[in-house]
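Since every read-out is calculated from the coordinates, none of them should be taken as a lab result. Predicted, not measured: the structure shown is a model, and the values here were computed from it. Here the Cβ positions follow ideal geometry from the backbone for every residue, glycine too, while neighbour counts run over all protein chains shown.
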Amino acid sequence: MPDPSVGDDDAGAHESQPGRGAVRWQEPGVTKPRPPTVAEARARDKARRAREAEQRLAEVQAEKAEERRRTRKNVLMGSAVVAGIAAVVAATCVQQGSNVVAPEEYCERGTSSSGGMFIYAGSAYQYYYGGHNRGIGTTATGGSLELPRGTTAKTSSGTRISKSDGSGSVSRSPSFGELMRREHARPRPGWEQTVASQGMCYGTPARMADGSDRPYWDESVHYVFDMDEVLSLEATVEVLHSMCLEAVEQVVLLGRYRDFGLPEWTWEHVEKSWRRNDPHLYGRFDLRYDGQRPPTEVFPEDDQWNSLHEQLVARWKQIGGQLPGTETHFTWSSADQTGEDHVTLAYLQECAAEAGLNTVGLPIEEIGWDRDLNRLVDLEEAPIESIFKLYPWEWMLDDDFGRHAVDLLPETLWIEPL
């Protein structure tokens, strides 16, 4: 990871490696504006002439604008849309052939077989979707043995079941807790100095009520997962992510922006961003762990074993072709005195460079708006064409800078999208 404190003039671009993009940093007081391109010089000259003409015609234009406001009518045209977020139906374990309700553990602990069957204690069981029943030993009615298209199913214990495939099999996201273990271990000696030497600032970001340090990372405990649980965790998060996207689709279709506190001036831009399928990099879910659903985080004893880094690099490679321009900017808020956002941003920038993107980092407070070009620009006064941010859209929409950022979509493409 590069040292985020190094300025552009000190570090320049990192040494190129085959297939690797450049990593540059811009720092106020160090980075100097570059000479404008011919196109930019022409655009600025044209903008200045246009402003002079506008000033001469200001009174006439104001009068015409007032006339248009008096005569303008807003007509809402369209058709009714009937849609709903993908339904979640109840799944009940029943005996195969009779639909008699059986204890749920018969399906959960049974051995998966063809046709969506589960063998438990020599008998075959399967899930019954929807409908109603009066409990174990009664017959389930009013539902189906096939999971309806466009739905997911959930048992009373929290197990989620996905759509059957062509063979009739089902995919379960089982309850957790049987294999996952919470274990204690001796902290690695000198781990604080190790992460500090690597530029990490996650040592003691807070204090306990008595004033003592509250460590960010607990080296004395970790969780152990079975591979099936890891794969099931991934499947569960994929389902949640798809449901979130379906929910956004409904918000856009039904125009429910006000319900989410979005300013009215952003509504059109939100819909356009959604319709363009603006690229996104990653998401995060904080899930409460109660023994049946996935835990929030994993703290391993030694190096963390997962594929997050590889998947981030792969995702940058995937969306890199969708990004305009030859460089992607990375920005964070310099108001974060802990440095956590800066270090996180530097890591993501490194992932993008590893994926082959040329990158430029600078604080979000140093991004400017060029009135003549009507573009967002960096400290070199170069137009920003794509940019990744660690700064909430909610904060951006509250100030004038946010209006420029939204109005200039997709000329300046933001990740994550609006």
**Extension reserve of the V88-S307 stretch, reckoned as 0.36 nm per residue once the Cα distance is removed** = 75.9 nm
**Distance between the stretch 344-394 and the stretch 320-337 - C-alpha centres, whole angstrom** = 3 Å
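Give the peptides 323-335, 254-266, 398-410 in descending order of average Cβ contacts within 10 Å, highest first.
Numbers: 323-335: 18.7, 254-266: 12.4, 398-410: 16.3.
Highest-to-lowest ranking by the protection proxy: 323-335, 398-410, 254-266.
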**Message:** Taking R0 as 51 Å, what FRET efficiency do you get between V239 and D210 from their Cβ-Cβ distance, rounded to the nearest 0.05?
**Reply:** 0.75
